[in-house]
Amino acid sequence: MGHKTLARDLIDAHGMPMGVSSGLFNTDDALTLTEAARVYSVFVKPAGGDGNGMSAVGDDAQLLQAVERTRSLAQRSLDSAELYLERLVERPRHV
């Protein structure tokens, strides 16, 4: 499922459980990003690819830097700068 937000839309349409995330976002929407990151720690992730380049963010100070770093890496390696946020689960356990 190469494009993560499209895959998440498909999963949601079928009522399957998944973690909390945003849709695609734009760095011009810094206020929305900051509000989202205040709710919980997040990963800034490229929308395509295999998870390479994702950045963990725990506070506002790190957020815009992580967005720029992740966007740059995604553009170079995936030829797409689309990003989204995903809730960072600090101590995940698989069931």
Once fully extended, how much extra length lies between R93 and L10, figured as 0.36 nm per residue of separation less the alpha-carbon to alpha-carbon distance? 27.5 nm
DSSP loop (so not H, G, I, E, B), at most 16 other Cβ within 10 Å: list which GluC sites (Glu not before Pro) in the range 45-95 pass both filters. E90
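The numbers here are math on the coordinates, done by the rules we state, and not lab data. These numbers were taken from a predicted model, which means no experiment stands behind them. Quick reminder, even Gly has a Cβ in these numbers, built from the backbone with ideal geometry, and neighbours come from all protein chains shown.
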